[in-house]
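A.B. asks: Here it is, the structure, as structure tokens.
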Amino acid sequence: MDFVAVTAERKLDARKLRADFPIFEQEVRGKPLAYLDSAVSAHKPRQVLDKLRNFYETSYANVHRGVYTLSEVATAEYEGARDKIARFINAPASRELIFTHGATESINLVAYAWGLDNLGPGDVVVVTELEHHSNFVPWQYIAKRTGATFTAIPLDEHGELRLDALGEIEQAGNVKVVANNLVSNALGTINPVEKLSAWAHERGAIMVVDAAQAAPHHAIDVQELGCDFLAFSSHKMCGPTSVGALWGRAELLEAMSPFNLGGHMIRSVKLEETTWGQIPFKFEAGTQPIAEAVGFGAAVDYLTDIGIGAIEDHERELLVYALEKLAEVPGLTAYGPAPERRAGIVSFNLEGVHPHDVAQILDMEGVAIRAGHHCCQPLMAKLGVAATNRASFYLYTIPEEIDRLADGLHKAHKLLA
Amino acid sequence: MSEFDQLYREVILDHYKNPRGHGLIEDADAEAEGQNPLCGDEVSIYVAFGEDGDTIDEVKFSGRGCAISQAATSMLTELVQGRTAQEVATLPRDDLLDEIGIPLTPVRLKCALLGLSTLKLALHKAKGTPLPEEWAGASSDLDLK
């Protein structure tokens with residue numbers, strides 16, 4: 001317990017950490033880069049880049065295939081990364097951690113491999129109005145293919161899930177899947193996944209958690225969340241692109257049909273019949289993103305060294321500061337819940353100025369933010385807007401960048417509103 | 001001793017060239033087939049119990065494999081003779097690895113343990129003894145009749 005207390009008290013030094021990120025050595029339009037779009041993808045520290053280079057230069061070979069030494073070394077690195085990432089989310093066993101190409105593929109894996117065999121007419125698939133398309137569209141599609149009913153938990157005006165609507169949802173039939181993001185990428189809302197897991201399990205349903213936006217900023221314990229599957233991506237957490245993970249309960253993964261089929265996922269192949277290998281390999285057909293997985297492991301080391309709690313605290317401080325600064329901008333509407341129920345994301349609109357114009361004007365100041373629907377069109381419809389501006393923070397974000405954001409917004413208001 | 005001699009030590013070569021317990025048992029009391037998906041090696045294990053229906057009287061194996069897997073399975077047939085199904089089901093893999101007595105990398109470990117895990121599978125099918133960990137991942141795909 002002492003260790004936990006020490007970790008929680010540790011504060012990160014964003015200015016010092018910025019030196020780990022070569023991207024900040026450049027200027028954009030003659031100004032230092034203020035990167036306020038980490039929710040879409042985070043930058044990469046030298047520790048991860050060096051690991052990738054070093055792995056390719058000294059340890060690279062295909063994994064789980066060769067008898068030769070180099071292949072053993074590469075396999076040990078790849079499996080070592082799996083162990084680290086499994087520990088990062090407190091998975092009971094490393095074999096429950098499947099490497100995928102990202103959270104999107106992880107969710108598709110569950111939707112196809114579990115959904116096609118377990119859903120049918122009379123069953124209900126429940127998502128939320130807050131989902132990223134990656135945890136919405138696959139379920140909508142598989143529900144349609146299997147004849148199941150597809151429905152979404154609505155939001156209240158603060159962007160929080162209306163759990164009081166669950167009673168009505170339940171009337172639609174046999175609830176088989178509940179899918180929710182732990183942190184909303186559009187509003188930053190931290191969702192009550194534990195409650196939804198319990199509700200799902202009381203009805204014999206599985207709980208699928210999209211943790212793509214949570215994993216970089218928020219400590220994850222799959223056993224505490226009580227979920228059955230959890231998906232996340234490396235690139236949002238300082239790791240390489242094209243690799244991610246799916247954690248699933250062993251008994252569910254073992255009972256599931258495979259998703260991608262091909263080499264390495266088999267036990268034995270005959271003309272008449274093929275049998276599947278053990279988990280996790282049953283779900284890792286073909287050559288995997290090997291170096292990327294190793295880099296993902298290095299990213300997890302990097303975040304763990306800093307401390308996820310320290311990262312979350314830092315972002316919350318920035319969030320509170322940003323909400324104050326943005327409240328001074330005339331005509332600005334901010335969306336999302338109170339800071340204590342929210343990750344470092346600010347979604348907002350400037351009255352009379354289209355988000356694309358806002359983002360354009362900010363870019364001229366070297367400030368990078370996102371403008372658009374954030375792959376959350378059902379949420380945008382609920383908010384009654386086509387798009388929002390979104391600024392998001394990470395471990396390397398400093399308050400000056402938020403000042404520059406606010407200055408840019410004042411300018412945008414003056415110019416166009 | 002050279003690395004080669006360490007790995008392919010005399011006793012390994014002897015078991016490889018003159019495998020004990022090689023062959024079939026007609027009407028075996030327990031049997032199973034195992035594969036090493038990494039190299040495609042296959043082994044079938046046959047068990048005959050003694051009069052008490054529980055003590056292993058005879059173990060035989062057939063199939064193809066590398067020197068390590070064939071020698072290890074050959075040694076296994078000697079190691080488990082006279083033990084009960086339950087004893088073998090819970091036999092630590094290190095007992096067999098000590099017997100083999102050579103340094104094994106993770107990939108070669110799978111070769112060395114193919115026979116043992118297949119024998120445990122055979123006992124599971126016949127006696128309901130615990131399924132070995134290395135089979136757990138594929139249990140739903142196995143024909144456990």
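A.B. asks: Take A:K51 and decide whether it is in contact with a Gly (Cβ under 7 Å, 6 or more places away or on another chain), surrounded by 13 or more Cβ atoms within 10 Å (Cβ to Cβ) and closer than 22 Å to A:Y78 by Cα.
C.D. replies: On the way: in contact with a Gly (Cβ under 7 Å, 6 or more places away or on another chain): yes; surrounded by 13 or more Cβ atoms within 10 Å (Cβ to Cβ): yes; closer than 22 Å to A:Y78 by Cα: yes.
For A:K51, the condition - in contact with a Gly (Cβ under 7 Å, 6 or more places away or on another chain), surrounded by 13 or more Cβ atoms within 10 Å (Cβ to Cβ) and closer than 22 Å to A:Y78 by Cα - is met.
A.B. asks: Now for a different question. Got at least one residue in region A:287-300 being over 22 Å from the mean Cα position of the chain (by Cα) and either farther than 30 Å from A:V346 by Cα or in a loop (DSSP other than H, G, I, E, B) (or both)?
C.D. replies: yes
A.B. asks: Residues that are over 25 Å from A:P339 (Cα atoms), touching a strand residue (DSSP E or B) at 6+ places or on another chain (Cβ under 6 Å) and assigned to a helix (DSSP H, G or I): does region A:148-156 have at least one? Quick ask: steps written out before the conclusion?
C.D. replies: Residues of region A:148-156 over 25 Å from A:P339 (Cα atoms): A:148-151.
Okay, now just the ones that are also touching a strand residue (DSSP E or B) at 6+ places or on another chain (Cβ under 6 Å), so A:148-151.
Next, from what is left, pick out any that are assigned to a helix (DSSP H, G or I): none.
So far as region A:148-156 goes, no, none of its residues is over 25 Å from A:P339 (Cα atoms), touching a strand residue (DSSP E or B) at 6+ places or on another chain (Cβ under 6 Å) and assigned to a helix (DSSP H, G or I).
A.B. asks: Filter region A:280-301 down to residues that are touching a Gly at 6+ places or on another chain (Cβ under 6 Å) and not hydrophobic (A, V, I, L, M, F, W, C), then give me how many there are. Spell out how you get there, then give the answer.
C.D. replies: The first filter runs over region A:280-301 and keeps only residues touching a Gly at 6+ places or on another chain (Cβ under 6 Å), leaving A:285-286, A:295-296, A:299.
Keeping just the survivors that are not hydrophobic (A, V, I, L, M, F, W, C) gives A:286, A:295.
Residues in region A:280-301 being touching a Gly at 6+ places or on another chain (Cβ under 6 Å) and not hydrophobic (A, V, I, L, M, F, W, C): 2 in total.
A.B. asks: Within region B:36-47, identify whether any single residue is more than 20 Å from B:P132 (Cβ to Cβ), under 14 Å from the mean Cα position of the chain (by Cα) and among the aliphatic types (A, V, I, L, M), and answer yes or no.
C.D. replies: No, there is no match, as no residue in region B:36-47 is more than 20 Å from B:P132 (Cβ to Cβ), under 14 Å from the mean Cα position of the chain (by Cα) and among the aliphatic types (A, V, I, L, M).
A.B. asks: Going by the structure shown, is A:R87 under 19 Å from the mean Cα position of the chain (by Cα) and surrounded by fewer than 17 Cβ atoms within 10 Å (Cβ to Cβ)? Steps first, answer last, please.
C.D. replies: Working: under 19 Å from the mean Cα position of the chain (by Cα): yes; surrounded by fewer than 17 Cβ atoms within 10 Å (Cβ to Cβ): yes.
It is true that A:R87 is under 19 Å from the mean Cα position of the chain (by Cα) and surrounded by fewer than 17 Cβ atoms within 10 Å (Cβ to Cβ).
Okay, residues lined up against (1) outside the structural domain of A:L130 (by TED's automatic domain parsing); (2) surrounded by fewer than 23 Cβ atoms within 10 Å (Cβ to Cβ); (3) out of contact with any Asp or Glu (no Cβ under 6 Å at 6 or more places or on another chain); (4) of a type in the set (G, A, S):
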residue	(1), (2), (3), (4)
A:E328	yes, yes, yes, no
A:P337	yes, yes, no, no
A:E340	yes, yes, yes, no
A:N349	yes, yes, yes, no
A:P355	yes, yes, yes, no
A:M364	yes, yes, yes, no
A:A371	yes, yes, yes, yes
A:C375	yes, yes, yes, no
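A.B. asks: Here is a follow-up. So in region B:1-40, with the set limited to residues that are acidic (D, E) and modelled with pLDDT of 90 or more, which one is nearest to A:G286 (Cα to Cα)?
C.D. replies: As a first pass, look at region B:1-40 and keep what is acidic (D, E): B:3, B:5, B:10, B:14, B:26-27, B:29, B:31, B:33.
Restricting the remaining residues to those that are modelled with pLDDT of 90 or more gives B:14, B:26-27, B:29, B:31, B:33.
On the way: B:D14: 38, B:E26: 40, B:D27: 40, B:D29: 39, B:E31: 32, B:E33: 25 Å.
Applying the filter and picking the extreme gives B:E33.
For (1) modelled with pLDDT of 95 or more; (2) surrounded by fewer than 19 Cβ atoms within 10 Å (Cβ to Cβ); (3) of a type outside the set (D, E, K, R), each residue gets a yes or a no:
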position: A:G167; (1), (2), (3): yes, yes, yes
position: A:E194; (1), (2), (3): yes, yes, no
position: A:I206; (1), (2), (3): yes, no, yes
position: A:Q213; (1), (2), (3): yes, no, yes
position: A:V243; (1), (2), (3): yes, no, yes
position: A:S257; (1), (2), (3): yes, yes, yes
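A.B. asks: Taking the stated definitions as given, is A:I311 assigned by TED's automatic domain parsing to the domain that holds A:F88 and either at pLDDT 95 or above or farther than 16 Å from A:T75 by Cβ (or both)? Walk me through it before giving the result.
C.D. replies: On the way: assigned by TED's automatic domain parsing to the domain that holds A:F88: no; either at pLDDT 95 or above or farther than 16 Å from A:T75 by Cβ (or both): yes.
For A:I311, the condition - assigned by TED's automatic domain parsing to the domain that holds A:F88 and either at pLDDT 95 or above or farther than 16 Å from A:T75 by Cβ (or both) - is not met.
A.B. asks: Sticking with this structure for a sec: Is it the case that A:D228 is under 27 Å from A:E317 (Cα atoms), in contact (Cβ under 8 Å) with a residue 12 or more places away in the chain and under 21 Å from the mean Cα position of the chain (by Cα)?
C.D. replies: On the way: under 27 Å from A:E317 (Cα atoms): no; in contact (Cβ under 8 Å) with a residue 12 or more places away in the chain: yes; under 21 Å from the mean Cα position of the chain (by Cα): yes.
Criteria not met by A:D228.
A.B. asks: Which of the helices (runs of 4 or more DSSP H) contained wholly in region A:15-111 include at least 2 residues that are within 14 Å of chain B (Cβ to nearest Cβ), among the charged types (D, E, K, R) and in contact (Cβ under 8 Å) with a residue 12 or more places away in the chain? Walk me through it before giving the result.
C.D. replies: Details: elements: A:46-58, A:69-88, A:103-109.
It comes to A:69-88.
A.B. asks: How many residues does region A:243-257 contain that are touching a Ser or Thr at 6+ places or on another chain (Cβ under 6 Å) and either touching a residue at least 40 places away in the same chain (Cβ under 8 Å) or not acidic (D, E) (or both)?
C.D. replies: Initially, region A:243-257 is screened for residues touching a Ser or Thr at 6+ places or on another chain (Cβ under 6 Å), giving A:243-244, A:246, A:254-255.
Still in the running and either touching a residue at least 40 places away in the same chain (Cβ under 8 Å) or not acidic (D, E) (or both): A:243-244, A:246, A:255.
Of the residues in region A:243-257, 4 are touching a Ser or Thr at 6+ places or on another chain (Cβ under 6 Å) and either touching a residue at least 40 places away in the same chain (Cβ under 8 Å) or not acidic (D, E) (or both).
A.B. asks: What's the number of the only condition in (1) under 24 Å from A:A381 (Cβ atoms); (2) touching a Gly at 6+ places or on another chain (Cβ under 8 Å) that A:I190 fails to meet?
C.D. replies: Every condition holds for A:I190 apart from (2).
A.B. asks: So A:D305 ticks every box in (1) of a type outside the set (K, R); (2) free of Cβ contacts under 8 Å to residues at least 40 places away in the same chain; (3) closer than 26 Å to B:Q35 by Cβ but one. Which box is left unticked?
C.D. replies: (3)
A.B. asks: Report the residue count in region A:176-192 for those that are buried (at least 20 other Cβ atoms within 10 Å of the Cβ), over 18 Å from A:V346 (Cα atoms) and more than 13 Å from the chain's Cα centre (by Cα). Break it down into steps so the answer makes sense when it comes.
C.D. replies: Initial filter on region A:176-192 (buried (at least 20 other Cβ atoms within 10 Å of the Cβ)): A:176-191.
Pick out the ones that are also over 18 Å from A:V346 (Cα atoms) and you get A:176-180.
Among the residues that remain, those that are also more than 13 Å from the chain's Cα centre (by Cα) are: A:176-179.
Counting residues in region A:176-192 that are buried (at least 20 other Cβ atoms within 10 Å of the Cβ), over 18 Å from A:V346 (Cα atoms) and more than 13 Å from the chain's Cα centre (by Cα) gives 4.
A.B. asks: Residues of region A:193-225 being more than 16 Å from the chain's Cα centre (by Cα) and not hydrophobic (A, V, I, L, M, F, W, C), which ones?
C.D. replies: A:E194, A:K195, A:S197, A:H201, A:E202, A:R203, A:G204, A:Q223, A:E224
The values are calculated or read from the model by the stated rules, or taken from the named source; none is laboratory data. Model, not experiment: these values are computed from the prediction. Positions of Cβ are generated from backbone atoms using ideal geometry, with glycine treated the same way; all protein chains shown enter the neighbour counts.
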